[in-house]
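Notes for the one structure printed next.
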Amino acid sequence: MYITHLDVRNFRNLKHTELHPAKGVNVLSGANSSGKTSFLEAIYLLGLGRSFRTVQLISTVQTGMESLRVVAKVKQAGGSYITGVEFGPNGFRARTNGSTVKKRSQLATQLPLLYMPSYSHIMLDGGPRYRRQWLDWSLFHLEPGFHDLWWCYQRTLKQRNHALRVHKPSWRQEINVWNKKLSTYGEQITSLREAILFKLRDSVSQLFMALVHQPLARVTMEFKQGWTRTAGLEEILNETLNYDRVTGYTRYGPHRAEVAFYVDGKDVREILSRGQQKIFCYSLALSQADLLCRIKEQNCVFLMDDFASELDIDHRKRFLALLNKLGIQVFATTIESLSGEMKAYSGIKEFHVELGRVQEMV
Ligand SMILES: Nc1ncnc2c1ncn2[C@@H]1O[C@H](COP(=O)(O)OP(=O)(O)OP(=O)(O)O)[C@@H](O)[C@H]1O
Ligand SMILES: [Mg+2]
C-alpha cells in the first residue's frame, strides 16, 4: 500500500501542497523552518488522527485560517481508496471513500504508519515506553485482538489504581477483582509481546548488519516483562499490595515492561558509536515494516525526519539502497539535498521544500 496522491491545505506553514509521491523512497530537502517536519506531521495526522508534536490540533491549523485538511489517494492490493482528515471549528473529522471513520484505531489500521523523529535516539535513550510502543505497534497490526486487550488492561489498571487510593470498607474485595482481571489481561499481553519480540529479533540483527559496514557481533535482546519471572502477575499484585496502597499506583505489570538491546553482550548505548546507534534505531523501525510485510503482505508508510544527519555518505547510500530494496513507501527529510547519493536509484523522487511549498525536483 502506498500514497499515490497527497493534498495538504492550511497545515502549519504549508498553505497548499499537492504531489504525486513515488511508490518507494521520497526525499524532501529544504532549509530550517521550510516545512519539512510539518509535511511529515500532516501525513501522520492522516494516518493516526493525531499529531506527534502537540495534543492541541488547533496549533497545527495555519495561523489566520479556520481549518486544515489532508487528503490522500492510497493504492493497495485490489484497488485504491481516498482518505482524508480535517480539523476546524467542528473538531476533527476523518472520512474514507466518503464514509465517516469513527475511531482513530480504524485510521491506523487502514494506513500502517511508522514515524522516526529527528531525534531517533529516543528509541534507545527515551523511557521504556518507546520500546514497549515498538513491540505493540507490530502486535496492533498483526494480532487482531491486541488493541482491545490493551485497552482492557489500561482500563483495569486505572480501576485498580483508583481502588488503591480510595479508602472504602470494601476496598480489599475490589482489589481482589482487579488483581484477577489485571493479571489475566497482563499475562496475555506479555506472552504476545514475547512472541513478537522473538519474530522481530532476527530481522533487527540482519537489517543492522546490512547497514553498518563494520563487522559486529550479533544483536541480542532481553525482554523484561514488568515483574519478576519467578512468579505469576496475580501473586505479585497480591504481594506488593501494601506498597501499592502507600504509593497509590500499581508498581508491577506489563505497563512496566522493557526491552534491552545488546551487541556482543554489551548495552548498545555503551558500545555503539552515535551514528551506529542511529542506524540501530532505524533497524528497529524497519524490522516492524519488514515483519508486517512478511506476515501480512502489507506495506507501511515510513516517515523519517532529518534522516541524513549523523550519517556519513557511505551509510546514507547503504540506507537508501536498503530502503529501495524493501519496497516500502518512505518520506525522508533532510536539510541538504541528497541528489548525489540518489543518482544510483531510479525510483527515488526528490522534493524541494521552501517557505511552505513542496515541489518535485526534476
Ligand atoms: N500553525 C502554524 N501556522 C503557520 N506557521 C506555522 C504554524 N505552526 C508552525 N509554523 C511554522 O512552520 C514553519 C515550519 O516548521 P517545520 O518544523 O516544519 O520546519 P522544518 O523544515 O522541519 O525545519 P527544521 O529543519 O528546522 O527542522 C516554522 O517556521 C514554524 O514556525
Ligand atoms: Mg524539522
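When T333 is tested against (1) surrounded by fewer than 17 Cβ atoms within 10 Å (Cβ to Cβ); (2) among the hydroxyl-bearing types (S, T, Y); (3) within 16 Å of ligand 1 (Cβ to nearest atom), just one condition goes unmet, and that condition is (1). Name the one entry in L303, L233, L292, L320 that is in contact with a Cys (Cβ under 9 Å, 6 or more places away or on another chain) and either surrounded by 16 or more Cβ atoms within 10 Å (Cβ to Cβ) or in the same structural domain as S33 (by TED's automatic domain parsing) (or both). From the options L303, L233, L292, L320, the qualifying one is L292.
Looking only at residues of the stretch 306-317 that are more than 17 Å from the chain's Cα centre (by Cα) and within 12 Å of ligand 1 (Cβ to nearest atom), we find that the one that is surrounded by the most Cβ atoms within 10 Å (Cβ to Cβ) is A308. Applying the criterion of being touching a helix residue (DSSP H, G or I) at 6+ places or on another chain (Cβ under 6 Å) and not small (G, A, S) to the residues of the stretch 172-187, the residue that is surrounded by the most Cβ atoms within 10 Å (Cβ to Cβ) is L182. Across the stretch 76-95, the number of residues qualifying as surrounded by fewer than 17 Cβ atoms within 10 Å (Cβ to Cβ) and within 26 Å of Q298 (Cα to Cα) comes to 9. A single entry from Y119, Y185, Y130 fulfils the requirement of being closer than 13 Å to H255 by Cβ and among the hydroxyl-bearing types (S, T, Y): Y185. Those residues that are farther than 22 Å from F87 by Cβ, away from ligand 1 (no atom under 12 Å from the Cβ) and not polar (S, T, N, Q), I need them from the stretch 6-45; list them, please. Answer for the stretch 6-45, where residues must be farther than 22 Å from F87 by Cβ, away from ligand 1 (no atom under 12 Å from the Cβ) and not polar (S, T, N, Q): H20, P21, A22, K23, G24, V25, V27. Out of curiosity, is I328 more than 16 Å from ligand 2 (Cβ to nearest atom), without any contact (Cβ under 8 Å) to a residue 40 or more places away in the chain and in contact with a helix residue (DSSP H, G or I) (Cβ under 8 Å, 6 or more places away or on another chain)? The answer is no for I328. Close Cβ contacts (under 6 Å, 6 or more residues apart or on different chains) running from residues in the stretch 56-72 that are within 14 Å of S38 (Cβ to Cβ) and outside any strand (DSSP E or B) to residues that are polar (S, T, N, Q) and within 12 Å of ligand 1 (Cβ to nearest atom) comprise T60/S51; Q62/N10; M65/N10. One residue stands out among those in the stretch 28-59 that are closer than 18 Å to H16 by Cα and aromatic (F, W, Y): the one that is nearest to ligand 2 (Cβ to nearest atom), which is F39.
The values are calculated or read from the model by the stated rules, or taken from the named source; none is laboratory data. Keep in mind the model is a prediction, meaning the values are calculated, not measured. When we count neighbours, we look across all protein chains shown, and the Cβ atoms used for this are built from the backbone with ideal geometry, even at glycine.
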